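Novice: Below is the structure I would like to discuss, written out as structure tokens.
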Amino acid sequence: MPSIFSYQSAEVDWCESNFARSAVIAEYYNTISNVSFFVLSPALLYLNRQYCQKKAVPLYFVSGLLLLVGVFSMYFHMTLSYVGQLLDELSILWTLAVAYSFWYPQAYFPKCIKTRRHFFWLTGITTVISTLMSFVKPTLNAYALNCIAFHLLYMTWKELKKCNDKRVHRMAAVMVMWWALAITSWISDRWLCWLWQAINFPYFHSFWHVLIAMSLLYCCPLVIYFDVSYEMPSFKPKLEYWPSDSWPVVVPYVTLEEPHKQC
Ligand SMILES: CCCCCCCC/C=C\CCCCCCCC(=O)N[C@@H](CO)[C@H](O)/C=C/CCCCCCCCCCCCC
Ligand SMILES: [Ca+2]
Ligand SMILES: [Zn+2]
């Protein structure tokens, strides 16, 4: 019986041909495309450094965990091992759990949850249960995790209804565009592999890695913007674009303005 660390012991195998470019890397492009997360993580920390100076823990934790997501996803695609698959999926689960724990708006807490500390316990217990359940049918884990994006879309829609800043609306629209391209790539790699292999173009999962990282590059500043609005009343969040607004492709970030004190 193969070890859970064995190459190709995972329950899923992506469309890219295995060991086509390397004898030690099962899915070459699916492995190297995870470099996206090694760029995403420091970029979020550097661009949103003003927010980090005021409230360091959430973004340091989420950025660090996104680095781990990239490492485990690389290991998974390099080996296609059972352990690699679970490390990949559990690192995503825990990153989402930490992000929700720190950034979920108190206005949306369940009625029985009164404080952020109680919400930490709720997400912690839910995450431990989900971790145990992830061993039951690993092939369903990725679908369940992807469904969380629909909850994020719903919360974004609710927040935008109350927000008059057109720049924020534009940022959210671009985030959803990148996510839509990403999830389309993920689904087509899983369900249309026969077509991509027929035309010798099985690279949609590697596109997914780059596209979901792009979506997160917009998602995190959007979450930070609303976190500052809700939780840091002495500051006004301002949306900026790097390198500058005039460039065709830009990266959003949040700066903090101290509203003029009422005289
Ligand atoms: C108030 C909440 C704030 C949430 C902030 C966002 C936190 C995002 C945390 C983790 C997402 C990482 C997703 C990258 C996955 C990379 C590894 C990978 O590709 N794994 C696949 C196998 O190789 C596996 O099939 C992936 C499965 C599921 C991915 C689940 C993605 C979760 C949803 C991410 C939301 C993106 C933001 C856009 C919202 C519209
Ligand atoms: Ca494969
Ligand atoms: Zn992947």
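Novice: Restricting to DSSP H runs of at least four residues, report the calculated mean residue ellipticity at 222 nm for the chain, -39500 (n - 2.57) per run over all residues, nearest 500 deg cm²/dmol.
Specialist: Rounded to the nearest 500, the figure is -22000 deg cm²/dmol.
Novice: Calculate the radius of gyration of the Cα atoms of segment 56-198 to one decimal place, then report Dmax, the largest Cα-Cα distance, as a whole number, both in Å.
Specialist: Final numbers for Rg and Dmax: 17.1, 55 Å.
Novice: Output the DSSP H helices from the chain with an along-axis C-alpha extent of no less than 24 Å and a mean Kyte-Doolittle hydropathy no less than 0.0.
Specialist: In the chain, the long hydrophobic H runs are 56-79, 82-103, 116-133, 138-162, 166-191, 204-231.
Novice: Of T31, V12, G64, whose Cα points farthest to the positive end of the dipole of segment 6-80 (charges on the beta-carbon: +1 Lys, Arg; -1 Asp, Glu; origin at the Cα centre)?
Specialist: G64
Novice: Have a look at A107, A144, A173 and tell me which one the Gaussian network model of the chain (Cα, springs below 10 Å) gives the largest fluctuation.
Specialist: Comparing A107, A144, A173 in a Gaussian network model of the chain, the most mobile one is A107.
Novice: Shifting gears a bit: Note down the nm distance, to one decimal, between modelled labels 7 Å out along Cα→Cβ at C147 and at Y60.
Specialist: Using points 7 Å along Cα→Cβ, the separation is 3.5 nm.
Novice: Let me know the Rg and Dmax you get for the chain when you use only its Cα atoms, in Å.
Specialist: Taking only Cα atoms of the chain, I get Rg and Dmax of 19.6, 76 Å.
Novice: Okay, next question. Given H placed on each backbone N at 1.01 Å, which residues far from S9 in sequence or on other chains put an amide H within less than 5 Å of it?
Specialist: When sequence neighbours closer than 5 places are left aside, the close amide H contacts are S81, Y82.
Novice: Rounding to the nearest 20 debye, state how big the charge dipole of the chain is about its Cα centre with +1 on each Lys and Arg Cβ and -1 on each Asp and Glu Cβ.
Specialist: Using only the charged Cβ atoms, the result is roughly 1060 debye.
Novice: To continue, here is another question. Can you tell me the FRET efficiency between N200 and V39 if r is taken as the Cβ-Cβ distance and R0 is 25 Å, rounded to the nearest 0.05?
Specialist: 0.35
Novice: While we're on this one: For segment 147-243, compute Rg over Rh where Rg is the Cα radius of gyration and Rh is the Kirkwood radius from the inverse mean 1/r over Cα pairs.
Specialist: 1.10
Computed from the coordinates by the stated procedures, all read-outs in this text should not be read as laboratory data. What you see is a predicted model; the values in this text were computed from it and never measured. Note that each Cβ is placed from the backbone with ideal geometry, even for glycine, and that neighbours are counted across all protein chains shown.
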